[in-house]
Amino acid sequence: MSGKNIWTHKGTFLLAAVGSAVGLGNLWRFPYLTGENGGGAFILVYALTIAVVGIPILIAETLLGRSSRRSPIMGMKYLTESHGTSSAWQVIGWMGAGAAFVILSFYSVIAGWAIHYTGLLFSGALAGADAETIGASFGALLASPERLLLYHTLFIGASGLIVAMGIHRGIEGGLRIMMPALFVILMIVLVYGVVVGDAAAAMRFLFTFNLNDLSLEGWLQAMGQSFFTLSLGMGAIMAYGAYMSSEASLTRTAVSIAVVDTLIALMAGVAIFSLVFGSGMEAGQGPGLMFVTLPIAFADLPGGSILGGVFFILVIGAALTSAISLVEPVAAWLLERFDLSRPVAVAIMVGGCWALGLLTVFSFNVWSEGTITHQWFGRSPFDVLEFITNILMPLGGLLIALFAGWALTREDVIRQMATNDRWFSAWQFLVRFVAPTAVAFVFLRTIPQVEG
Ligand code: PHE
Ligand code: NA
């Protein structure tokens, strides 16, 4: 790999990784999981996992990318061969690329809902509508395969277009415009939420905790969320790491990514819960929090149609910068392995993902609960895809930690990390023992679900 496959600036990896990290995980999943799990205690466990498990694995995954300077699949092949370690570790690359493929297929469908809501809010169609009407309109969206398909196609097409334009003109160029804009929009939404909503109640909910409130299930969800939110174990960070400047500090970059991602999740939480509590609604609404509860709040607030529309633009943009990081690992592999041009490689990846996305699209209507297909298999295809993700993500993280902690030599890692012995030892202890234990714990949670 030559110098043209390196980001233009020393800081671009940080920008790209933050773009990958900040997405539906922060704006949609984090608030609803926090709401379902009672607030502060969930956040405490989540933050702790980010610090002792997320950051060390983030460093490890970036390190694998930067020291191989190849796509995750080719990179793991190169690393195992050059270190003379077992080729079994190459499964890390395959699993990561596979997980990216699966996740993008449904991430795109959900991001598509935000396209629908942007239009719905800006048009004023929801202004003054009651809760029942708004709930019904979400139901109507899900019931329409044509609409879901249209939005899914638009969203995944846009992601593909950016990646097809190359890592410099497409990905870097896109991020340099989108990221600052998204930050500004988030600030606007936050200020609006605090001014018109009940910020005091939101702060109380998010920042006071009683650990007894948190169930075992809640603990495990908090840990799972910390992987999802940092984009770990899916080849995204490894693929971006391959283009990272050799001069940038791994540790400092990883800590910055985790801090920014967490701050953004908290800001989104404050904004959303201020609005939700301000309108006298409950926190524990589940996945419908952003698509039903929040629109209900916007519907009866001053300026709610405009601000709501602006909020959903934020959701689309944040999801887009994450989606492109899911396209890259697979596209880069196709490009390297089969010597394809970038646009062709991207078209194959995105086309395949689009087709797999049909399973999710139909899960909410023709194959939903109560239909024959659902009765046959006991769960919708979307549930199955989510289940696969819940296995692949922690498993990928676990293997990355073990590989970086045990299979790489001390010299390799120290050279890449450019750090002193004390930090190195702390990191090594975390990836060797703490992270694997924690991940195994999260992983075990999914086993009982097999029967479920
Ligand atoms: N981290 C992203 C989010 O929080 C999701 C994601 C996962 C993106 C894995 C890329 C890879 O929404
Ligand atoms: Na995130």
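We did not get these values from a lab; they are worked out from the coordinates using the rules stated. Not measured: the values here are computed from a predicted model. Cβ: placed from backbone, ideal geometry, glycine included. Neighbour counts: every protein chain shown.
Return the calculated 222 nm mean residue ellipticity for the chain, to the nearest 500 deg cm²/dmol, obtained by summing -39500 (n - 2.57) across DSSP H runs with n ≥ 4 and dividing by the residue count.
-23000 deg cm²/dmol
In debye, nearest 20, what is the charge dipole magnitude of the chain about its Cα centre with +1 on Lys and Arg Cβ and -1 on Asp and Glu Cβ, if you could check?
Values: 20 positive and 24 negative charges, 273 e Å.
The calculation lands at about 1300 debye.
Kindly provide the pair-distance distribution of segment 3-450 built from C-alpha pairs, with 20 Å bins from 0 and whole-percent values in order of increasing distance.
26, 59, 14, 0
How high is the relative contact order of segment 273-337, in percent, counting Cα pairs under 8 Å that sit 6 or more residues apart? Mind dumping the intermediate values first?
On the way: 22 pairs, mean separation 12.3, N = 65.
Reported relative contact order: 19 percent.
Given an 8 Å cut-off on Cα distances and at least 6 residues of separation, report the relative contact order of segment 160-289 as a percent.
Numbers: 69 pairs, mean separation 57.7, N = 130.
Here the relative contact order equals 44 percent.
Please sort through the DSSP H helices of the chain and keep those with an alpha-carbon extent of at least 24 Å along the long axis and a Kyte-Doolittle average not below 0.0. Kindly include the intermediate steps, with their values, before the conclusion.
Working: long enough: 91-122 (46 Å, 1.54); 145-164 (27 Å, 1.11); 173-196 (35 Å, 2.32); 250-278 (42 Å, 1.85); 304-337 (50 Å, 1.57); 342-363 (32 Å, 1.62); 381-402 (31 Å, 1.57).
In the chain, the long hydrophobic H runs are 91-122, 145-164, 173-196, 250-278, 304-337, 342-363, 381-402.
At 0.36 nm per residue, and after removing the present C-alpha to C-alpha distance, how many nm does the segment from residue 437 to residue 8 gain when stretched out fully?
Values: separation 429, 0.36 × 429 = 154.44 nm, distance 3.77 nm.
The span from residue 437 to residue 8 would gain 150.7 nm if fully extended.
May I ask you to sort 203, 223 by Cβ crowding, counting other Cβ atoms within 10 Å and putting the fewest first? It would help to have the intermediate numbers written out before the result.
Numbers: 203 16, 223 23.
Going from sparsest to densest Cβ surroundings: 203, 223.
Please work out the Cα center distance from segment 182-259 to segment 378-442, rounded to the nearest Å.
If you average the Cα positions of each part, the centres end up 18 Å apart.
Under 8 Å for C-alpha pairs, at least 6 residues apart: give me the relative contact order for the chain, rounded to a whole percent. Write out the running numbers ahead of the final one.
Working: 720 pairs, mean separation 156.0, N = 452.
Taking the mean separation of contacting Cα pairs over the length of the chain, I get 35 percent.
Ranked from highest to lowest mean number of other Cβ atoms within 10 Å per residue, what is the order of the peptides 264-270, 17-23? Don't skip to the answer; put the middle values down first.
On the way: 264-270: 22.3, 17-23: 26.7.
Answer by packing, highest mean first, reads 17-23, 264-270.
Calculate how large, on average over all directions, the projected area of the Cα convex hull of segment 299-390 is; give the answer in nm² to one decimal.
Details: hull surface 36.3 nm².
The number I arrive at for segment 299-390 is 9.1 nm².
Shape call for segment 162-252 from the C-alpha gyration tensor, a ≥ b ≥ c root eigenvalues: rounded (a/c under 1.5), prolate (a/b greater than b/c) or oblate?
Details: a/c = 2.84, a/b = 1.45, b/c = 1.96.
Here segment 162-252 falls in the oblate category.
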